[in-house]
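Below you'll find the structure, written out as structure tokens, and then a few comments.
Only the coordinates and a few stated rules stand behind these numbers; no lab work does. Remember, it's a predicted structure, so these values are computed and weren't measured experimentally. Glycine gets a Cβ as well: all are built from the backbone with ideal geometry, and neighbour counts include every protein chain shown.
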Protein chains: 2
Amino acid sequence: MQNESMPNILIKRALLTPNRIAIYFQDQTLTFHDLYECSLKVSGRLQALGIRKGQFVGVLLKNHLDTVTILFALQLLGARAVILNNRLTAAELVFQLKDSRSTFLILEESFTQTEAVITEQIDQLTTITKTKLTQINPEEPYIQEEISLTDICTIMYTSGTTGNPKGVIQTYGNHWWSSTGSALNLGTIDSDCWLCAVPLFHISGYSILMRSIIYGMPIVLHEHFDVEQTIKDIQLKKVTIMSVVGTMLTQIVEALEDRRLPASFRCMLLGGGPAPLPLLEACVKKDIPVFQSYGMTETSSQIVTLSPEDSLQKLGSAGKPLFPSQLRIELENGESAQAGMPGEIVVKGPNVTPGYLNRSEATEEKIRDGWLYTGDIGYLDEQGFLYVKDRRSDLIISGGENIYPAELEAILLAHPDVMDAGVTGIEDKKWGQVPVAFIVKKKDTNLSGEELQRFCMERLAKYKLPKAFYFTEQLPRNAAKKLLRRKLREWV
Amino acid sequence: MQNESMPNILIKRALLTPNRIAIYFQDQTLTFHDLYECSLKVSGRLQALGIRKGQFVGVLLKNHLDTVTILFALQLLGARAVILNNRLTAAELVFQLKDSRSTFLILEESFTQTEAVITEQIDQLTTITKTKLTQINPEEPYIQEEISLTDICTIMYTSGTTGNPKGVIQTYGNHWWSSTGSALNLGTIDSDCWLCAVPLFHISGYSILMRSIIYGMPIVLHEHFDVEQTIKDIQLKKVTIMSVVGTMLTQIVEALEDRRLPASFRCMLLGGGPAPLPLLEACVKKDIPVFQSYGMTETSSQIVTLSPEDSLQKLGSAGKPLFPSQLRIELENGESAQAGMPGEIVVKGPNVTPGYLNRSEATEEKIRDGWLYTGDIGYLDEQGFLYVKDRRSDLIISGGENIYPAELEAILLAHPDVMDAGVTGIEDKKWGQVPVAFIVKKKDTNLSGEELQRFCMERLAKYKLPKAFYFTEQLPRNAAKKLLRRKLREWV
């Protein structure tokens, strides 16, 4: 038992290195001492509003300094943050808040329209806007000085083949091991500074916050990705590491033109799906050190990363599993694949989620004997380098966001004039992939693409909207009537 | 449960970075791939000799490349290494081997005289000399591909107030957390290289082996500490970090004269008892970056270390507890001390031993509610920096070796002419401290110091021998007849 407890990470960091810079946001600079003091005050306010240890608290916030202090205030109180994607529709948010049994929702003023819809549909939910939060007199907060590594820290939703999103449990231990696993791979140096222009509501962004505290490293937080601001801040703030997805890196490479990143910049940590080879080659030409990686919400960020010494020889590989993690390729007959043979990527390690919130069945299906079945296809070469051939056949990755065809199909099938629907992804120069839909109309209806688009817009985040609707007589299904999405892709 | 397993660390490291240099020893250089292959072969030989998972195996070896491969071979097999101090007498070794129920003893040829005595006194013990080991045909070893963090990795003996040494359990998790805790404090950079001139049979040396594998960092292994060889290798092998005790650092400072260590050298990790302030000041003058630390066998190496940014302002402090660890000062009434108030140092963390082998009573006495009661006295300043005032009153630290007065007293009392005996430490310029003994003779005997010295030499490691024997009429004891060792010190 003693091995499972640890000091609260923000308290500990503020004790260890109070005067080091923790965060640059716009024109503000906070030390770890400042960050602790601010988060402590917010925790007193959240407690005054009724938030307590163990509760699930929805968080619908943009990249902002306030978001950071709110997220750490929740850690100080021992409350669990259900971190909501800002781009979801009210209907999608309602599902996640209900599913996680959240009793509070902290949100930006700008989401007040959404707030009205949500509160109408959930009875036992207290909403807290950022303004309301600042108006409350803080109580003396009851702080969790110690954390248990098996305690739930955050919940982030992902979908899957079943359609309904599932809440991925991320424990303090998951975040800790992810953070130290990354440190052992990338090294940690005194001058490190990590630029976060990815959303804090994704594991890619949240994990940067955790690393900042665990390493004692400053981060530069951007509200959103702006390529010129990025290039400027890399120079100005002496950024050494940045997390990117393919579209961001493409923009950086293009915007740089004849310029170069400073020599002290040591890592573009590239996640969010396989990167096109030409992009990687362009980066080599411009001396941009790219570390390809592979990971997902269930692995609390990267679980496989390409090491410095291998980044050139193994271009296109995602690398090797981080120190505490294991990986194997499983064939359909359940055996482990030999080198070169593609199969399902299965992973294991202390950074891997213990399961899905309130979904024991889904947990048992995806995690067997401690191994997470990712559904992704890949192979290992002779030296143990992973090559990801294809994310799970049904997953579409668009600008770093995951889109699940089953979720879109369920929405489309809810339209009264739709008899059958199938969704797949197609290549897109800017976003990597975008979804398109194949529709079988009910007889004697005159359903249009415009109507379907309008229908989807009410129910789906914008980035999930199908870019085209194709009408057809029949969908490709196998004998068991299972939709063959790979066939759909061939149709396009 | 899944959080507690991890790949075998040597297998994993050999997979991650096979071609990085792992170890320099004399004129040999091994990569991690080489080290794995060598250790694998040794594990096949050890298995052929009968060593199996879970067994306790005594190891009586000097600092040598073979020792490294033997220690990792034991990890590969899942056997537990009972790591024996080379300087112990046969009688002391017999005690530790019996106490740990070791069934094998691997030892250097040079210890064959000791071997004869040991095998005479322990029936169920197979001894394996290094020569014997090389002559055996290796079997196909049954390798532990995964380790459990709660499994026992090593046993190292320490004594205490009770006299008999106790086997400190060090789990894989203890070593892992110690290693990552240190990494988060010191940082890890690609060019790091750690010089090990401290004994591998101490936690100070063994922990360097573990860091090498976990960080993927080369080490330079010396058979013993040689000040000129040290200065030479720091230059030649581009050493960046070295573990030292006070006497070693004193010699380095003196030997350097007008020379300087290279600028890339970044850390003298100083352990093994409080360092004298003049030494620290001399290091500042010579630009030697000293990181004072505090730790013990029970904490699997340092648990408190002074961070880079504080090393000058807080000269003489041991620093702050490493990230995963906690520390408080407990007063005699059981309350936590305020800043500035001295009391017993109690520590907690995943690097702290789960207890003593086969000694539940001693474990319960020393570890309460997950907190280890060190017996050492210290205080925290306002910023949380630890100042160690005094190691537990009965502990003598001589050149980095721990000497326990109770153990020496038990030996002295075994002499037929000794009625009472008390041991304490006195200051020594070279070794920090050395033990001296106070003796009450039995009536009508003419016991001499020479006779006692002869008597002790047969039974005690050389470094433990009292440097002087003082004869007296009576020892200072309190009402409960407890020996007041602090009084003894005043007598000297």
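Some observations on this one:
- The length gained on full extension between B:GLN135 and B:GLN26, counted as 0.36 nm times the residue separation minus their Cα-Cα distance, comes to 36.9 nm.
- Between A:GLN113 and A:LEU484, the FRET efficiency from the beta-carbon distance, with R0 = 41 Å, is close to 0.55.
- Computed over the range B:174-390, the ratio Rg/Rh where both radii use C-alpha atoms and Rh is Kirkwood: 0.97
- Based on Cα atoms of the range B:396-491, Rg over Rh with Rh as the Kirkwood radius reads 0.95.
- Among residues other than B:TYR24 with Cβ under 10 Å from its Cβ, the summed charge is -1 (Lys and Arg +1, Asp and Glu -1).
- Separation between Cα centres of the range B:332-408 and the range A:331-353, rounded to whole Å: 46
- Given in Å, the Rg to one decimal and the Dmax to the nearest whole number for the Cα atoms of the range A:1-78 are 13.3, 44.
- Spacing of the two label points (7 Å from each Cα toward its C-beta) at A:LYS443 and B:ASN358, in nm: 8.5
- J(HN,Hα) series, the range A:244-259, from Karplus relation 6.51 cos²θ - 1.76 cosθ + 1.60, nearest Hz, glycine and proline x: 9, 10, x, 4, 5, 5, 4, 4, 4, 4, 5, 5, 4, 6, 8, 6
- Cα shape, the range A:336-477, gyration tensor, a/c 1.5 rule: prolate
- Taken along the Cα-to-beta-carbon direction at a fixed 7 Å, the label points for A:ASP369 and B:ARG368 span 4.5 nm.
- Rough spin-label spacing in nm, given labels placed 7 Å along Cα→Cβ, for B:TRP491 and B:SER148: 5.0
- Diffusion coefficient (Stokes-Einstein, Kirkwood radius over C-alpha pairs, 20 °C, 1.002 mPa s) for the range B:60-184: 135 µm²/s, rounded to a whole number.
- Cβ-defined net charge surrounding A:ILE122, 14 Å radius [Lys, Arg +1; Asp, Glu -1]: -3
- Contact order normalised by residue count of the range A:407-472, Cα under 8 Å, 6+ apart, percent: 34
- Using C-alpha pairs under 8 Å with a sequence gap of at least 6, the mean separation divided by the residue count of chain B gives a relative contact order of 12 percent.
- Sorted by Cβ density within 10 Å, fewest first, the residues B:TRP194, B:TRP491, A:TRP431, B:TRP177: B:TRP491, A:TRP431, B:TRP194, B:TRP177
- Cα gyration tensor category, rounded, prolate or oblate, for the range A:166-287 with a/c compared to 1.5: prolate
- Cα-derived Rg over Rh, computed across chain B with Rh taken as Kirkwood radius: 0.96
- Label geometry 7 Å along the beta-carbon vector: B:THR131 inter-copy distances in nm: 8.9
- Shape of the range B:219-318 from the C-alpha gyration tensor: oblate (a/c of 1.5 or more and a/b not above b/c, with a ≥ b ≥ c the square roots of its eigenvalues).
- Entries in A:LYS320/B:LYS232; A:LYS166/A:LYS237; A:LYS389/B:LYS41; A:LYS348/A:LYS462; A:LYS12/A:LYS348; A:LYS348/A:LYS441 that, when Cα-Cα distance is taken, lie over 32 Å: A:LYS320/B:LYS232; A:LYS166/A:LYS237; A:LYS389/B:LYS41; A:LYS348/A:LYS462; A:LYS348/A:LYS441
- Relative to the compact-globule estimate of 2.2 N^0.38 Å, the Cα radius of gyration of the protein assembly as shown comes out at 1.04.
- Shown for the range A:280-410 is the translational diffusion coefficient from the Stokes-Einstein equation, using the Kirkwood radius over Cα pairs, a temperature of 37 °C and a viscosity of 0.692 mPa s: 208 µm²/s.
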